[in-house]
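Before any comments, here is the structure.
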Amino acid sequence: MEQQILHLLDQLPAISLDEMSGIKLMNRIDKKYLATIGQLEQLLVLAQGKYMVQQIESKRYSRYHTIYLDTPDEEMYTMHHNGRLVRQKVRVRTYLDSGDTFLEVKNKNNHGRTKKKRMTVGGIHTLHEDDGNMLLAKYSRYLLSDLVPKVENRFERITLVNMAKTERLTIDCHVKFHHWETDIHDTFDRLVIIELKRDGNVYSPVKEMLRELRIKPSGFSKYCIGSALTNPNLKRNRFKPRFKKIDKLLKKY
């Protein structure tokens, strides 16, 4: 993480993981934004006095490793690419600083709401022993025998919470991708993926800050973008405007 960003994070009051677990956003609305590292520095300046930063032990950012599973013919990727509103993702996510690993199922409905279910597992190679099929049988249309690892990513995440505790802001930096089948690597070192998760239509201080910095809402699926970047055999027409937008953003800032 850049020294200037670490310095700015140190100026924010901390909120512990236990305190974070008490923040229940029951009527949650999610929205994603794309920015650059430079814009993130400006955002953290504006956030002073209005946001807290999650701190685990002495660290104010966390490292993640995620492996996405899909059918051999990329059915979940294709459904997303083709614009299906009702869709899902299956992934194995490891929190590298704690070592905790979860099998997760994310289901999105036709109203744009996402529900996530997960269970603790030992890792990608222990899913059957950990009985991951119990989770998938309940919340997914697939079983483990239907799925194979496709794309993995690594990134660093900052989590901010507003003083009223009505919204969370996750900020993902230095996203790196690797495809299990093609063995192609790619990275978005300067791109920042911001996701605003708030409790219904309550007042959001950060929305004004994002407007001031000309950071606009933009859909972004790490699985789909990572797949399109690292597997040249996939259909990607629907994602071409997203890649053009990212290129323009990185050149401008």
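No value in this document is a laboratory result; all are computed from the given coordinates. Everything quoted here is computed from the prediction, not taken from an experiment. Note: ideal-geometry Cβ built from the backbone for every residue, glycine included; neighbour counts use all protein chains shown.
If I take every Cα pair under 8 Å that is 6 or more residues apart in the chain, average their sequence separation and divide by the length, what percent do I get for the relative contact order? Provide the component values of the computation, followed by the final result.
On the way: 474 pairs, mean separation 62.9, N = 253.
That works out to 25 percent.
Say the cut-off is 26 Å between C-alpha atoms; which of K32/K240; K59/K251; K222/K251 go over it? Beyond 26 Å between Cα atoms: K59/K251.
Subtracting the Cα-Cα distance of M20 and K240 from their residue separation scaled by 0.36 nm leaves 75.5 nm.
Calculated from DSSP H runs of 4 or more alone, at -39500 (n - 2.57) each and per residue, what is the 222 nm mean residue ellipticity of the chain, nearest 500?
Numbers: 8 runs with 68 residues, N = 253.
The per-residue figure over the chain is -7500 deg cm²/dmol.
Our note on the geometry: Cα centres of segment 1-64 and segment 133-202, 16 Å apart.
To the nearest 20 debye, what charge dipole does the chain have about its Cα centre, counting +1 at the Cβ of each Lys and Arg and -1 at the Cβ of each Asp and Glu? The partial results should precede the final answer.
Numbers: 46 positive and 31 negative charges, 296 e Å.
Roughly 1420 debye for the chain.
Kindly put D70, D131 in sequence by how many other C-beta atoms sit within 10 Å of each C-beta, fewest to most. Spell out each step's value before the answer.
Values: D70 23, D131 15.
If I rank by nearby Cβ atoms, fewest first, I get D131, D70.
Measuring r between the beta carbons of E2 and T120 and using R0 = 45 Å, the FRET efficiency lands at 0.85.
For segment 173-218, applying the loop criterion from DSSP together with a ceiling of 15 other beta carbons within 10 Å to the GluC sites (Glu not before Pro) yields E181. When the Cα positions of N133, H185, V161 are compared along the charge dipole of the chain, V161 comes out farthest toward the positive end, with charges on each C-beta of Lys, Arg, Asp and Glu. Sorted fewest first by neighbouring Cβ atoms within 10 angstrom, T120, T230 come out as T120, T230.
Measuring how big the chain is from its alpha-carbon positions, Rg and Dmax come out at 18.1, 50 Å.
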